[in-house]
Amino acid sequence: MNDTTLQLTIRGLDKRTKDALTKKASQQGLSLNRYALNTLKQSSGISDNENKYNELKQFLNNHQMSKDDKIEFDKAIAWSDKTSLEKQNKEHYDTSF
């Protein structure tokens with residue numbers, strides 16, 4: 001472990017919350033620790049999304065797409081966003097923990 005990483009212990013975690021976190025982590029193919037770290041970052045306003053956006057923007061600036069390719073790319077992104085939102089909404093309202 002490097003000197004910029006710290007460990008945190010969460011006390012008083014009830015079984016229902018632990019089970020819900022474990023279920024979400026499993027659904028995303030993550031360890032409970034990785035899921036908790038990601039969730040803490042997101043809820044704190046810290047996210048890797050901006051870095052991913054900048055990397056994608058740089059990639060697209062370096063690689064020219066035809067107009068038809070751009071239209072297909074935009075359709076794929078829109079489909080992905082819609083699918084992700086539907087899945088998120090389903091998980092949000094799923095109370096069968």
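The values are calculated or read from the model by the stated rules, or taken from the named source; none is laboratory data. Keep in mind it's a predicted model, so treat the numbers as computed, not measured. When we count neighbours, we look across all protein chains shown, and the Cβ atoms used for this are built from the backbone with ideal geometry, even at glycine.
Answer yes if at least one residue in segment 55-75 is closer than 30 Å to Gln7 by Cβ and at pLDDT 85 or above, and no otherwise. The answer is no; no qualifying residue exists.
Annotation: of all residues in segment 1-54 being at pLDDT 80 or above and acidic (Asp, Glu), the one that is surrounded by the fewest Cβ atoms within 10 Å (Cβ to Cβ) is Asp14.
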